[in-house]
1. In the set Arg479, Arg494, which member is within 18 Å of Lys183 (Cα to Cα), out of contact with any Leu (no Cβ under 8 Å at 6 or more places or on another chain) and part of a helix (DSSP H, G or I)?
2. How many residues, within segment 527-553, are free of Cβ contacts under 8 Å to residues at least 12 places away in the same chain and part of a helix (DSSP H, G or I)?
3. Might you let me know whether segment 135-144 holds any residue that is buried (at least 18 other Cβ atoms within 10 Å of the Cβ) and modelled with pLDDT under 95?
4. Those residues that are farther than 22 Å from Gln79 by Cα and small (Gly, Ala, Ser), I need them from segment 104-163; list them, please.
5. Kindly provide the set of residues from segment 46-81 that are assigned to a strand (DSSP E or B), closer than 17 Å to Ile9 by Cα and out of contact with any helix residue (DSSP H, G or I) (no Cβ under 7 Å at 6 or more places or on another chain), ordered by number.
6. Kindly list the number of the only condition in (1) at pLDDT 90 or above; (2) in contact with a Pro (Cβ under 9 Å, 6 or more places away or on another chain) that fails for Pro634.
7. Assuming Arg84 fulfils every condition listed in (1) assigned to a loop (DSSP other than H, G, I, E, B); (2) surrounded by 17 or more Cβ atoms within 10 Å (Cβ to Cβ); (3) basic (Lys, Arg) apart from one, which condition is it?
Amino acid sequence: MYFQVRQVILWPRHGGEPRVVEFEPGVVNVISGASKTGKSSVIPIIDYCLGAGKCTIPVGVIRETCSWFGVLIDTQEGQKLLARKEPGNLKSSGDMLLLEAPKIAPPKTIERKNQNVEHVKAMLNRLSGLSNLEFEPGTDDRFKYRPSFRDLMAFLFQPQNIVANPDVMFFKADTTEHREKLKTIFPYVLGAVSPEILQARHELDRIKRLLRRRESELRARQASGASWQREGFAWVRLAIEYGLLPAQTTVPNNWPETLDLLRTALQGDPQNVAPTLASMDVIMGRLAELRVAESELAIELNQSRQRLHELRRLDESSDEYVDGLRTQRDRLSLSTWIRALASDHHTESAVLEPSATGRAKIDQLCEALEGIELRLRSHPGVTESLGREMLRQRESTDTLLRELAAVRLEIRSLEGKSKEARKVTTRGEEIARFLGRLEEAIRLYEAADTSSTLHEEISTLRIEVEKLSKIVSEHDISRKLNNALDTIQNISGRLIPKLDGEWPEAPVRLLISELTVKVIRGTRDDYLWEIGSGANWLAYHISLTLALQGYFLRLSHHPVPALLIYDQPSQVYFPARRVGEPKAEELDPTWKNEDVVAVRKVFSLLSNISQRTKGKLQVIVLDHADEEVWGELPNIHLVEEWRGKGLVPSAWIT
């Protein structure tokens, strides 16, 4: 997901120009400064503007002098300004300002809100391409609800109390709610559980419920049919007694022959029964109503099936469209390489010097390539919408089929009654009841027969359950998850030796069940909280968060923003305070040579990763370290230095 911070903005409470902190995309942005200048407020401000449930911006100067907080971000849809009102005495405010445009100039003042926080969170969910299906269909467990953009903040922020914490690896994972939800979404963000698998889970749940209903219906019919079958032999004797069968008829010992005799008895003409006009009118009137209802339901069913067929064709066409776009992208990708060669035309080593016309055509090809890339990034939202519509259309079709079956069942029943009326109206009540029970017994037996439509439907549903069960196989999900963890372990294993860790060659394994890492050293494995030294904790936090972002960038259409923010990573190297000296937080640290070397390793690794990701990953570091530590490293941009000044302008403070 392309999501990079361009500005953090504060609007004053008592008038004046807003305070704007500018960031560069695709590089390591550094805010260097002394303590109590507001560095640690940057993460809470960004988190609050991205829809946090609680405002954790520190109380005091910042909350008292600011009326609104905002963040300007770059996305694949252009720029978006998300501003949120300072909550006052409340835990948070739902009032937000949302502006969207290719380029946005922040307003000097915010007079009123134009959106609320729920709308902004829904927009961020859509922008990240997250599925809107729960992890478990029909669950009441809030930890199994649909993935949310808010859940992804765990992979972006490393505040001061987390960045070198032996007990907590991820942002807000020290609370039960965030911890359990993070365990749930980990297989999803690692690609082991895809949106297609979530959709298959919901479809499997629907079909299983339908299958259980059909099997229950079949068992009821079979039980009823078996009961009637046991009485069938006595009915043959009653039919002979009533004169519905010849007196010389022999009662057979097997059921098929008995059933044939009962069908013959049902077709008999006991004493030339004739129906009454009143009974005939009631039955015929109801039959006419049912015929109209049957016709209307059949039309609706045909329309529903046609829509479902068109959705399937549209889904297939969508896949072909994406393949076509990828082919065009592959063919047009050469244009960026040609333009890169042509851009060196001022140097003596120029490889290619096109004419003005040729350069314009190359630019046209590059613009076409950018357009194709944009359409490819937006395509997952189309696929997700088609999946939801197909699921809804299948349920609608099933509902129509059930209603049509019920109408036809009543039509068959009434048609049988209309025929029987001509036979039984002049007969006694005893013979009438016998024929009615006999007809129902034969109907139930035929409905429960192995060749019935219900058996065929159950067989089809079982095949569908088997097919979907393969898609949502927990074994396959576990295999994919382990492969992803192996990849992350390999990436982090290449990063740890570049930091100031105690065991640079020891592999590190991410444990989702514990939301921490385990260091594998020879014959023993140690959890992070079992290892001493803040330098080790910092090394594992930095290497794991970078490894996760590296893994995410390898996946196409990944929902996690390519953004990392570290607050005070150098804190583990601060010197101890001597007796009689001011408190440590009131001073800039006095760096020792070995401290400079250790902290420079962190910045050097961030610089190297930034170069290798080619502008896709943005890193923000908030630290005491100045250019003495990270100077002359490539891809590091000094945003501002807060010494003698800070996040809040001194003019705002009365």
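1. Numbers: Arg494 fails: within 18 Å of Lys183 (Cα to Cα).
After ruling out the rest, the residue left standing is Arg479.
2. Selection size over segment 527-553: 1.
3. Yes, segment 135-144 has at least one match.
4. Ser131, Gly138, Ala154
5. To start, the set of residues in segment 46-81 that are assigned to a strand (DSSP E or B) comprises 66-75, 78-81.
Now restrict to residues that are closer than 17 Å to Ile9 by Cα: 66-74, 79-81.
Once the filter is applied, which keeps residues that are assigned to a strand (DSSP E or B), closer than 17 Å to Ile9 by Cα and out of contact with any helix residue (DSSP H, G or I) (no Cβ under 7 Å at 6 or more places or on another chain), segment 46-81 yields Cys66, Ser67, Trp68, Leu72, Ile73, Asp74, Gln79, Lys80, Leu81.
6. Here Pro634 meets the rest and fails (2).
7. That leaves (1) as the condition not met.
Per-residue answers, yes or no, for (1) outside any loop (DSSP other than H, G, I, E, B); (2) in contact with an Asp or Glu (Cβ under 7 Å, 6 or more places away or on another chain); (3) among the polar types (S, T, N, Q); (4) farther than 25 Å from Asp95 by Cβ:
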site	(1), (2), (3), (4)
Ile110	no, no, no, no
Arg126	yes, no, no, no
Lys181	yes, yes, no, yes
Thr184	yes, no, yes, yes
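The values are calculated or read from the model by the stated rules, or taken from the named source; none is laboratory data. All values derive from a computational prediction rather than experimental measurement. Cβ atoms come from the backbone with ideal geometry, glycine included; neighbour counts cover every protein chain shown.
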